[in-house]
Amino acid sequence: MLARLGEDSPGRRSLRRSPHTGLVAESRDESAALASLPQGLAGLTAGLLGARLADRFGTKALLLATIATSAAGHILLLGVIGSGDYVLVTAAVFAVGFGNGGAAFAATVAGCDCVADREQGLAAGLINASRQIGSALGVAALMDVATSVTPYHHVPGGAALATGYRAALVFAAGLATAAFFVSVAFVPADHAIRLPNLGDRRHRLGGAAARDRR
């Protein structure tokens, strides 16, 4: 959807009218690749940092923070898409990717923490399957929203389709907001793992040694 929005911007429409069809096709391919790159890098970053952030702040805090980041990214993307400001567009796409990737990690950890050790594999399988099904249904729903809104805007085809995609972004932000409140209500609270403080440990050992000398 992000790639299509880039293609349907005014600059892309003028490029498609150019007689150099080979150049147009190459540019559209580059647009699709560049649109998905920040989201992929953000998901990778969230996966690499997820365990450390969960240990430091707690799984529920990480889940809520990443869902809020995803919702904020969709809202920011709604405002900057088609503006030509690629820095803000990249930041918004990165926020969406980081939020989605971090939320997937935190949701898996939170779901597996609620079951016994012998059922960890079953819980992880159910969570992964539900995420895959939810992703497919989500894409279908977003595209349905986009194509349903488009016919009601009597403007040139590309602009009308871009308006439909913006409506889909609003819908996605609403889903993320709903997921935030569901997580607040139903995900049990946990506590961050406090890493041992070397100074405190030395202080305790020093006190114990002093008592022994007495």
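Things to note:
- Residue match in the range 27-42 (condition: of a type in the set (Ser, Thr, Tyr) and at pLDDT 90 or above): no
- Restricting the range 76-89 to residues that are buried (at least 17 other Cβ atoms within 10 Å of the Cβ) and in contact (Cβ under 8 Å) with a residue 24 or more places away in the chain, the residue that is farthest from Thr108 (Cα to Cα) is Gly82.
- Set Asp144, Asp190, Asp200: member being farther than 30 Å from Leu76 by Cα and modelled with pLDDT of 60 or more: Asp190
- Here the range 67-121 is the region considered, the condition is being β-branched (Val, Ile, Thr) and in a loop (DSSP other than H, G, I, E, B), and the residue that is farthest from Leu175 (Cα to Cα) is Val115.
- Of all the numbered requirements in (1) modelled with pLDDT of 85 or more; (2) among the small types (Gly, Ala, Ser); (3) farther than 30 Å from Leu63 by Cα, Ala167 misses one, and that requirement is (3).
The values are calculated or read from the model by the stated rules, or taken from the named source; none is laboratory data. Bear in mind that the values here come from a model prediction, so they are computed numbers and not experimental data. FYI the Cβ positions are ideal-geometry reconstructions off the backbone, even for glycines, and counts take in every protein chain you see.
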